1. Within the set of pairs 6+ apart or on separate chains, which have a first residue in the stretch 27-45 that is without any contact (Cβ under 8 Å) to a residue 60 or more places away in the chain and over 15 Å from Cys10 (Cα atoms), a second that is loosely packed, with under 13 Cβ neighbours inside 10 Å and of a type in the set (Lys, Arg), and C-beta atoms under 7 Å apart?
2. Given the conditions (1) of a type in the set (S, T, N, Q); (2) more than 9 Å from the chain's Cα centre (by Cα); (3) assigned to a strand (DSSP E or B), which single one is not true for Thr25?
3. Please verify whether Asp28 is under 19 Å from Glu62 (Cα atoms) and either of a type in the set (D, E, K, R) or touching a Leu at 6+ places or on another chain (Cβ under 9 Å) (or both), treating the condition exactly as stated.
4. Among the residues of the stretch 5-22, count how many are assigned to a helix (DSSP H, G or I) and either of a type in the set (D, E, K, R) or farther than 19 Å from Asp63 by Cβ (or both).
Amino acid sequence: MKVLVDWDLCEGHGQCEYAAPDVFTIDDDGDLEVLDDTPGEDQRKAVEQAVRRCPVRALQIED
């Protein structure tokens, strides 16, 4: 699984960080950082939730 971020859409709401904190974080400047863009299958459920929770639909999963 690969996590894709549309950086033009991302507004740093941080919903992805709440859903998958091992994969996403918001830095001190309020910008999204992807900690692991190829997380293991054990993170799939959390990443899928992060994709669903993103209010601007900036996240996708590529298999």
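Just so it is clear, none of the values below were taken in a lab; they were calculated from the coordinates. These numbers come from a predicted model, not from an experiment. Backbone-built Cβ (ideal geometry, glycine too); neighbour counts: all protein chains shown.
1. Pairs that qualify, where the first residue is without any contact (Cβ under 8 Å) to a residue 60 or more places away in the chain and over 15 Å from Cys10 (Cα atoms) and the partner is loosely packed, with under 13 Cβ neighbours inside 10 Å and of a type in the set (Lys, Arg), are Asp37/Lys2; Thr38/Lys2.
2. Status for Thr25: all satisfied but (2).
3. no
4. We begin by selecting, within the stretch 5-22, every residue assigned to a helix (DSSP H, G or I); these are 15-19.
Those still in the list that are either of a type in the set (D, E, K, R) or farther than 19 Å from Asp63 by Cβ (or both) too: 15, 17-18.
Number of matching residues: 3.
Condition check ((1) assigned to a loop (DSSP other than H, G, I, E, B); (2) under 13 Å from Val3 (Cβ atoms); (3) not small (Gly, Ala, Ser)) across all residues:
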| position | (1), (2), (3) |
| --- | --- |
| Glu33 | no, yes, yes |
| Pro39 | yes, yes, yes |
| Asp42 | no, no, yes |
| Pro55 | yes, no, yes |
